[in-house]
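Report on one structure; see the data block that follows.
The values are calculated or read from the model by the stated rules, or taken from the named source; none is laboratory data. Model, not experiment: these values are computed from the prediction. As a convention, Cβ positions derive from the backbone with ideal geometry for all residues, glycine included, and neighbour counts pool all protein chains shown. In case anyone asks, the SASA skips ligands and DNA or RNA and just uses the protein heavy atoms, side chains included. Shrake-Rupley method; radii C 1.70, N 1.55, O 1.52, S 1.80 Å.
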Amino acid sequence: MPEHNALVLLYVDDESNPVAELQTPVIFNLDTTKLTDGFHTLKIVSKFDRKEGVKVINFSVRNGPIIHIEGLSDNETVSGTLPLMLNAYDTGRNQSFIIKGSENPRTIPVWVWVIALVFVAWAAFYLVTNFSL
């Protein structure tokens, strides 16, 4: 009986040695914890008889702590001293939920201050016009 399974080689980035050599069909768990954060390439080479197929998949890894910054945007033109609010936290892959540090602290947006100022000005106007003697 002829075998109908293909040999599959998995390469990550530009490595010359495959991370796995498998007979299909198979389920393979790619451990991304061994990869640095950033963009990577998974190259899958299948071999069957004398034919070869190649598939390349680009993916991004983010295992490290998430970094949040407020006060500077990507490609922003700036000058002078910049006050930056920085926060870094783990993605929380564990089963318990920790409230402290689960959200990014942020400054109050300008539009909230404008609405509050308009409301205070209206309230002062209302009090002066309706309750003055």
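Rounded to the nearest 0.05, what FRET efficiency do Arg50 and Ala20 have when you use their Cβ-Cβ distance and R0 = 30 Å?
Working: r = 22 Å, r/R0 = 0.74.
It comes to 0.85.
What length, rounded to one decimal in nm, is gained on full extension from Val128 through to Leu30, with 0.36 nm per residue of separation minus their alpha-carbon distance?
Numbers: separation 98, 0.36 × 98 = 35.28 nm, distance 7.01 nm.
Stretched out fully, the Val128 to Leu30 stretch lengthens by 28.3 nm.
Heavy atoms of the protein chains alone define the surface here; on that basis the range 1-66 has 79 Å² accessible area per residue at 1.4 Å probe size.
Can you give me the Kirkwood hydrodynamic radius for the range 1-86, using every pair of distinct Cα atoms, in Å to one decimal?
Hydrodynamic radius (Kirkwood, Cα pairs) of the range 1-86 is 16.6 Å.
Accessible surface of the range 1-92, 1.4 Å probe: 52 percent of it comes from carbon and sulfur atoms.
When Ser46, Ser60 are compared by accessible area of protein heavy atoms, the largest-first order is Ser60, Ser46, using a 1.4 Å probe.
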